[in-house]
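**Q** Handing you this structure, nothing more for now.
The values are calculated or read from the model by the stated rules, or taken from the named source; none is laboratory data. Just so it is clear, the model here is predicted, and its values are computed rather than measured. Cβ sites come from the backbone with ideal geometry, for glycine too, and all protein chains shown count toward neighbours. Side chains included, ligands, DNA and RNA excluded: accessible areas come from the protein's heavy atoms. Shrake-Rupley method; radii C 1.70, N 1.55, O 1.52, S 1.80 Å.
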Amino acid sequence: MKHTDTLIIEGGKKLSGSIVVRGAKNAVTKIMVATLLSEQPSTIANVPDIEDVRVVSEMIREVGGEVEKLKDGVIKITPASLHQPNTLALHKIAGTSRIPILFAGPLLHRLGEAKLPTLGGCKIGPRPVDFHLKSLQSMGAEVEENKKALIITTQGLTGAKIELTYPSVGATEQVLLSSVLAKGVTELRNAAVEPEIIDLICVLQKMGAIIEVGTNRVITVQGVEKLHGFEHNVLTDRIEVASWACVAAATDGKIFIKGAQQEPMMTFLNTFRRVGGEFAVKDDGIEFWRGRPLTSITLETDVHPGFMTDWQQPFVVLLTQAEGSSTIHETVYEERFGFTDALNKMGARIQLYQECLGGTHCRFENSNHLHSAIINGPTKLQGAEIDVPDLRAGFSYVVAALVAQGKTTINGIKTIERGYEKFEEKLRAIGTVII
Ligand code: EPU
């Protein structure tokens, strides 16, 4: 009997059709937190129907905000009066999410204190929050940590000069959400400048903030006294677009993705074309297919404008279908290749290495982490039974199942639903045989 957390796919078919991709999980969830910086209501559009949006909605309710669905894809958040969350309840709601730490800034400004659970997130490495806490401390917050909770207090946050040792997405968002209402100027050096962060900055600017994104990863925030509500249409999820593009090329099909935007995906598009993928950019989306027999590549993941670490997993599956030896050097997370064991079980030939392969040296050099991969292709994949370890790896298993001959049973698809809207429906729309 089919379990609701299991998907059984009959692979080996060329998949073609049209699907819609909506707002980015990693932008919408932070924009939802930004609403708490004002007492006024805000409206967010192009919101995907995914588990992480439901989780953040619950977290916002836990601190006293109201979240209302106005219509499909549009939510209104009213954070008129806030209170401290029950950390246990918040921890339960948050589950594996890393969003709770970003409630620090809004709660500190509104209440002078933030009681937050210690953090989760996909199991793709240690994922510490030291940059977040250090940044808050430099802005005048005091941090106390016990086994169950983080207790952060302040007499009032003040602007500071902060330099990140690595351009962390979350820590940059932390500084933005904490500095917009701080007294004085905050200068953040070595900031992350991912398109999702720029989308958050656009929202904060709509709310009344003054933020300059300078050259060389320097972001300067001039604190203001008050922020107001906003209306915003979230940018498209470029991770989801890349995932479906890999499905098109890996199965030798053709998929039109309505909503896909070219500019935030330039690096992906170049890499996709280099290995033999092809695409056509239209006014309302991008169409992807295999332009020629796939060939190998050497690439490394990096912060924006580099090749995203979240594009890596479906791309690995694509490269199992490419002629030659491909090398991928993962420089963002130290343990993001564990998922390849299951692909090898399906017939892939992927070897992992501790060395920084491919030319550059990253901070994981000599650290015993298997953070480089060589993928030998093309290999025929065979159906198997596999368990989803994390969100992006989970989708890559779907891509592998679609390419494989025979049936693949994927257990743990609820993890994929955290970040891929209606993905089973989309699979059917492009002709997947789901048993
Ligand atoms: N890091 C630290 N200390 C910190 C924060 C980060 O050492 O205080 C390290 C991390 O361990 C990692 C690196 O810095 O090695 C980058 O982490 P970053 O803070 O940039 O990642 P994040 O904010 O936790 C977001 C996305 C991830 C995405 C990364 C990189 C969200 C909710 N998550 O994570 O997305 O991979 O940026 O772009 O926005 C996903 O969507 O599946 C996902 C994992």
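**Q** Could you tell me what percent of the DSSP beta bridges with both partners in segment 118-215 are antiparallel, to the nearest 5?
**A** Working: 5 of 9 bridges.
Taking every DSSP beta bridge with both residues in segment 118-215, the antiparallel ones total about 55 percent.
**Q** For ASP130, ASP390, ASP283, write out the residues from largest to smallest accessible area, computed with a 1.4 angstrom probe and no ligands counted. Walk me through the numbers on the way to the answer.
**A** Values: ASP130 65, ASP390 15, ASP283 170 Å².
Order by accessible area, largest first: ASP283, ASP130, ASP390.
**Q** Return the equivalent ellipsoid semi-axes of segment 25-233 as a descending list in whole Å, where each equals the square root of 5 times an eigenvalue of the C-alpha gyration tensor.
**A** Taking √(5λ) for each Cα gyration eigenvalue gives 22, 20, 17 Å.
**Q** Then there is this: Regarding the chain, what is the average projected area of its C-alpha convex hull, in nm²?
**A** Quarter of the Cα hull surface area: 19.5 nm².
**Q** May I pose another question? VAL433's amide H: which non-local residues (gap 5+, or another chain) put their own amide H closer than 5 Å, with H modeled 1.01 Å from N in plane and none for Pro or chain starts?
**A** So VAL433 has HN proximity to GLU10.
**Q** Before I look further, what does the chain give for accessible area per residue, probe 1.4 Å, in whole square angstrom? Kindly include the intermediate steps, with their values, before the conclusion.
**A** On the way: 17310 Å² over 435 residues.
On a per-residue basis, the chain sits at 40 Å².
**Q** Report, in whole Å, the centroid distance computed from the Cα atoms of segment 125-167 and segment 173-216.
**A** The distance from the Cα centre of segment 125-167 to that of segment 173-216 comes to 16 Å.
**Q** Something else: Which far-off residues, 5 or more places away or on another chain, put their amide H under 5 Å from the one on GLY184, with H placed in the peptide plane?
**A** GLY159, GLY223
**Q** For segment 328-378, what is the largest minus smallest coordinate of the Cα atoms on each principal axis, given in angstrom and ordered from greatest to least?
**A** Rounded to whole Å, the extents work out to 32, 18, 15 Å.
**Q** May I pose another question? Counting DSSP beta bridges with both partners in the chain, what percentage is antiparallel, nearest 5?
**A** 75 percent
**Q** Sticking with this one: Would you kindly find the accessible area of GLU196, with a 1.4 Å probe and non-protein molecules such as ligands, DNA and RNA excluded, rounding to the nearest 10 Å²?
**A** Surface open to solvent at GLU196 totals about 10 Å².
**Q** Give the dimensionless ratio obtained when the Cα radius of gyration of segment 337-433 is divided by 2.2 N^0.38 Å. Write out the running numbers ahead of the final one.
**A** Working: Rg = 15.3 Å, N = 97, 2.2 N^0.38 = 12.5 Å.
The reported ratio for this selection is 1.22.
**Q** Over 23 Å between Cα atoms, which of LYS25/LYS407; LYS148/LYS422; LYS76/LYS183; LYS148/LYS414; LYS14/LYS380 qualify?
**A** LYS25/LYS407; LYS148/LYS422; LYS76/LYS183; LYS148/LYS414
**Q** Counting only protein heavy atoms, what percent of the accessible surface of segment 295-423 is carbon or sulfur at a 1.4 Å probe?
**A** 46 percent
**Q** On the first, second and third principal axes, largest extent first, how far apart are the outermost C-alpha atoms of segment 286-385 in Å?
**A** Principal extents (largest minus smallest coordinate, Cα): 34, 33, 23 Å.
**Q** Within segment 25-233, what whole-number % of the accessible surface is contributed by carbon and sulfur, with the 1.4 Å probe and all protein chains included in the calculation?
**A** 49 percent
**Q** Okay, next question. How compact and how long is segment 1-84, expressed as Rg and Dmax of its alpha-carbon atoms in Å?
**A** Radius of gyration, then largest Cα-Cα span, for segment 1-84: 17.0, 54 Å.
**Q** For the peptides 8-16, 52-60, what is the packing order when you average, over each peptide's residues, the other Cβ atoms within 10 Å and list the highest mean first?
**A** Highest mean packing first, the order is 52-60, 8-16.
**Q** To continue, here is another question. Segment 140-195: which trypsin sites (Lys or Arg not before Pro) are DSSP loop and have at most 10 other beta-carbon atoms within 10 angstrom?
**A** Values: sites: LYS147, LYS148, LYS161, LYS183, ARG189; in loops: LYS147, LYS148.
Taking segment 140-195 and a limit of 10 other Cβ atoms within 10 Å, the loop trypsin sites (Lys or Arg not before Pro) found are LYS147.
**Q** Separation between the GLU39 and LYS206 pseudo-spin-labels, each 7 Å from Cα along Cα→Cβ, expressed in nm?
**A** 2.2 nm
**Q** On to the next question. Between LEU36, LEU177, LEU164, which gets the highest mean-square fluctuation from a Gaussian network model of the chain, Cα cutoff 10 Å?
**A** LEU164
**Q** Now for a separate question. Put a dot 7 Å past each Cα toward the Cβ at ASN216 and THR6; how far apart are the dots in nm?
**A** Modelled inter-label distance: 5.7 nm.
**Q** For LEU150, enumerate residues with amide H under 5 Å from its amide H, sequence gap 5+ or separate chain, H modeled in the peptide plane.
**A** Amide H neighbours of LEU150: LEU116, THR118.
**Q** Straight-line reach from LYS147: which lysines fall under 23 Å, measuring Cα to Cα and dropping same-chain residues less than 8 apart?
**A** LYS92, LYS115, LYS123, LYS134
**Q** Using a Gaussian network for the chain with springs between C-alpha atoms less than 10 Å apart, which of these wobbles most: THR186, THR215, THR309?
**A** THR215
**Q** Return the equivalent ellipsoid semi-axes of segment 194-313 as a descending list in whole Å, where each equals the square root of 5 times an eigenvalue of the C-alpha gyration tensor. Write down the numbers at each step before the final one.
**A** On the way: eigenvalues 227, 56, 18 Å².
Listed largest to smallest, the semi-axes of segment 194-313 are 34, 17, 9 Å.
**Q** Another question, if that's okay. Take the chain, connect every pair of alpha-carbon atoms lying under 10 Å apart with a spring to form a Gaussian network, then pick out the residue of ALA242, ALA89, ALA114 with the largest mean-square fluctuation.
**A** ALA89
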